[in-house]
1. I need the phi-derived Karplus couplings for region A:136-152: 6.51 cos²θ - 1.76 cosθ + 1.60, θ = phi - 60°, integer Hz, Gly and Pro marked x.
2. Using the Kyte-Doolittle scale, which helices in chain B average at least -0.5 and also have C-alpha atoms spread 18 Å or more along the helix axis, with helices defined as whole DSSP H runs?
3. In square nanometres, what is the average projected area of the Cα convex hull of region B:1-217?
4. From the residues A:27, A:79, A:53, which one has its Cα farthest along the dipole of region A:7-126 in the positive direction, the dipole being from +1 and -1 charges on Cβ of Lys/Arg and Asp/Glu about the Cα centre?
5. So what's the gap between the Cα centers of region A:131-170 and region A:38-93, to the nearest angstrom?
6. Just need the relative contact order of region A:69-144 here, percent rounded to a whole number, with Cα pairs under 8 Å and 6+ apart.
7. Mind pulling the per residue volume of the convex hull built on the Cα atoms of region B:221-364? Å³ is fine.
8. Determine one quarter of the surface area of the Cα convex hull of chain B, which equals its mean projected area, and express it in nm² to one decimal.
Amino acid sequence: MEPEKLSVLCIEDEAPICLFLKTSLSASGYAYLQASNGEEGLVQAATRNPDLILLDLGLPDMDGLEVARRLREWSKKPIIVVSARGREADKVAALDMGADDYLTKPFGVQELLARIRAVLRRHQETAGKTEEPVFRHGDLEVDLADRKVLKAGKEVHLTKREFGLLTILVRHAGKVVTQRQLLTEIWGEAYANQAHYLRVHMNNLRNKLESLPGRPEHFLTESGVGYRLAVD
Amino acid sequence: MNTRPPQNNHSDKAGNLLKPFLPAITGRIPEKLKKYICAFGVISILTVPGFFLRQVLDTSTIAMFYLLGVVGIAFWWGRGPALSASFLSALMLDYFITVPYFSFAISNPQSWISLFVMLVESLVISALAAKSREGETHRIAAETEKNRSALLSAVSHDLRTPLTAIEGAASSLVADQNLGPEERSKLCQMIFDESERMNRLVQNLLDMTRLQTEVPQLRKEWQSMEELVGMALGRLKNRLASRPFTLDLQPGLPLIRVDGLLVEQLLLNLLENALNHTSAGTPIQLSVKSVGDMVELEIADRGHGIKSGEEKIIFEKFTRGYHGDKGGSGLGLSICRAIAQAHGGTIGARNRPEGGASFVVRLPIGGLPPAVSEE
């Protein structure tokens, strides 16, 4: 018997974007569900129980952030928000509200599918399946249990803070982690707005673990939002 | 585009002046009424020193103070409030300052003259001041309008180019069943490239909007130049892949206080400018170093360089200097200049002695970077 398809609910009001999403998601083996406004989206999310929700923040009837907030009141299903460039504050607000990741309009199909895969994988891992013991990407190898970091097979010594940052990023590999989340987890609540701490320590991490720190392959910066550890 | 009507500039300032004094009511009162209340407030306040100094100073000297108040009101809040203020000051002068006090009667005929002359003067002045203010407003409005139409026509042209390519490619994909797989994939690639180009144009336009307001809205934070460079290069990964590219980052660059999104856009525009105007396969070089209290970025290529004498013009809006235009929007470089200037920095272009063009941007570090402990 064919395994049941994972379903994606797209809450989006623009017909051409819906068509693009429907075509590419169906072609990649997902079941496509659609809602063209916030109210309908909330109803569909409750009745159809999708595996993932793609939520446009610019909806005709209600604020997308409000939809995210109401979804999070009862659902733990992954949410990816979609918004325009320059609306970083909205993205951060959505992520802080419990959205799992975001896409900036316009986006391509590779980006869309990569986000969906990463978010679904993280979700399944936290839902019971064990985390992979060792993270690998390119020449980077991180063994969290053994606190061991290898670059091109050679062990690299990290400071406590650097290892802390790396741990959070590995736990969320492929997903964006907000500046606030990293700052509060590593330095504490009082540092939530001290983004320059991150900039300095991320530079140090890149200098130690990237082959070309100025053209990073692993530690990607998400303008005005946070950081993302690249996955294959 | 700058959508804020220029007519509001002065009244905004007036509103700001008011806020600390009338915090409770400014929110609920219509803008127009506020101006009148302010004007009356100014005249009432001027009456206080006048009242206490009425025995020391001439009535005509005190009238001068009222006149000054009316000029200010005319300048900030326009004709209506100034005219009402003129009449109010005449009444105030009559009631509080001239003998007998606390009466509209006047005993000294000279005071009548002072009063009358002051009223006429302040009426004339308020009319003149308001008129010059309106003239200025009209001039700004006309200039904004001119800029706006130039921008609109350039934008329409620049949007139409990629749109034509997209429509052409898409229509042949739809209509022509005989296309081979290779041709199809070429057309698809073209649609993809051209839509990316449109996206960049729109981003530049949005940045332009942000920079063209009276006070550019910068979101300054202590940023890492290495990181901003990394983001720009990441976004151009595919296009840069076919180029010999050298990145020269001075070790230990200080943090710099800038608007991250804008500086990333500046880097993107300069890199794309180099990619667009030089032949495939020729090298591009980006170097970043700190010079005194500035950070200097240089993007150098080995193309045909800049026509002599056009080193400045290329930063003007909608010019396509630079030899052989290949799909520049005519906006990219002017936005680079606007971004540099908004940060108090500079941008310049020159031809390299070894051939090719070099663009140099200097941005102030913006103070003493905050200390960050390594642990």
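1. In residue order, the calculated couplings are 10, 8, x, 8, 9, 9, 10, 10, 5, 5, 8, 6, 10, 10, 10, 10, 6 Hz.
2. Once both thresholds are applied, what remains is B:31-52, B:59-77, B:79-92, B:109-175, B:260-277.
3. It is 17.0 nm².
4. A:27
5. The two parts, judged by their Cα centres, are 33 Å apart.
6. Over region A:69-144, the number comes to 24 percent.
7. Each residue corresponds to 104 Å³ of Cα convex hull volume.
8. Mean projected area for chain B: 29.5 nm², to one decimal.
Each value in this text was obtained by applying a stated rule to the coordinates, not by laboratory testing. Please read all numbers here as calculations on a predicted model, not as lab measurements. When we count neighbours, we look across all protein chains shown, and the Cβ atoms used for this are built from the backbone with ideal geometry, even at glycine.
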